[in-house]
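*Asks:* Sharing a structure with you now.
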Amino acid sequence: MTMTLSLYYQDTCPFCQWVLPKIDATGVQVELRNIDLEPAFRAELIREGGKAQVPCLKIERRGEEDVWLYESADIVTWMKEVATNRVGCR
């Protein structure tokens with residue numbers, strides 16, 4: 001199953017700064033969406049995810065409802081699992 005991953009973040013957020021290198025270490029491709037630099041990303045996060053909290057990992061799978069993970073530890077745990085199982089990401 002192919003999925004697309006997007007991380008909504010802010011440079012000034014300590015939780016984001018904790019998550020970013022851990023995601024990078026997994027080697028899984030994730031689109032980074034800085035909500036301070038691109039207002040459209042902030043608007044999408046609020047409109048589709050329900051709140052402006054970061055970090056937030058958006059998980060898109062074809063034919064399924066999008067999943068929005070908001071907790072830093074949950075994001076890192078999920079990413080490590082994806083990396084271990086090498087689930088298809090694009």
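The values are calculated or read from the model by the stated rules, or taken from the named source; none is laboratory data. Source: prediction; values computed, not measured. Glycine gets a Cβ as well: all are built from the backbone with ideal geometry, and neighbour counts include every protein chain shown.
*Asks:* Anything in segment 36-71 that is among the charged types (D, E, K, R) and not in a helix (DSSP H, G or I)? List them, or say none.
*Replies:* Once the filter is applied, which keeps residues that are among the charged types (D, E, K, R) and not in a helix (DSSP H, G or I), segment 36-71 yields 36, 38, 51, 58, 60, 61, 62, 64, 65, 66, 71.
*Asks:* Can I ask one more? Can you pull out every residue in segment 23-39 that is of a type in the set (A, V, I, L, M, F, W, C), over 24 Å from residue 84 (Cα atoms) and either in contact with a Lys or Arg (Cβ under 9 Å, 6 or more places away or on another chain) or surrounded by 17 or more Cβ atoms within 10 Å (Cβ to Cβ) (or both)?
*Replies:* 35
*Asks:* Looking for whichever is in a helix (DSSP H, G or I) and in contact (Cβ under 8 Å) with a residue 24 or more places away in the chain here; the options are 19, 28. Which one fits?
*Replies:* Of 19, 28, the one residue that is in a helix (DSSP H, G or I) and in contact (Cβ under 8 Å) with a residue 24 or more places away in the chain is 19.
*Asks:* Being of a type in the set (A, V, I, L, M, F, W, C) and modelled with pLDDT of 95 or more is the filter; apply it to segment 40-55 and report the residue that is surrounded by the fewest Cβ atoms within 10 Å (Cβ to Cβ).
*Replies:* Among those residues, the one meeting the criterion is 40.
*Asks:* Quick check on residue 64: is it loosely packed, with under 15 Cβ neighbours inside 10 Å and at pLDDT below 95?
*Replies:* In short, yes.
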